[in-house]
Ligand SMILES: [Zn+2]
């Protein structure tokens, strides 16, 4: 009778081990996000940091810079080079002005 209990216990241990092995690849495997943060599109206004409006932009030096509102357009034009440099320093890739002729 005691032998049977031993076998039963051993079976339980084995079952527990296989469950553990199955779930061993839980969170560490899911955390495998390859971070490609090299090139970012412009999503924020360089003047106020708000969300840009796709219909509010300034073309500067062949680059299209989006802004959040017309007030920022005026501000941006006062110091366009500085704002462009700041964005490029952050790794933001500005859109090229489409060739229009
Ligand atoms: Zn604005």
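Observations on the structure shown:
- Spherically averaged projected area in nm², based on the convex hull that wraps the Cα atoms of the stretch 40-96: 3.2
- Separation in nanometres of the label points that stand 7 Å from Cα toward Cβ, at residue 8 and residue 77: 8.7
- Stretch gain in nm, segment residue 60-residue 96, where the contour uses 0.36 nm per residue and the Cα spacing is subtracted: 12.0 nm
Here, each number is a calculation from the coordinates, and none is a lab measurement. All of these numbers come straight from a predicted model, not from anything done at the bench. Neighbour counts run over all protein chains shown; Cβ positions are idealised from the backbone, glycine included.
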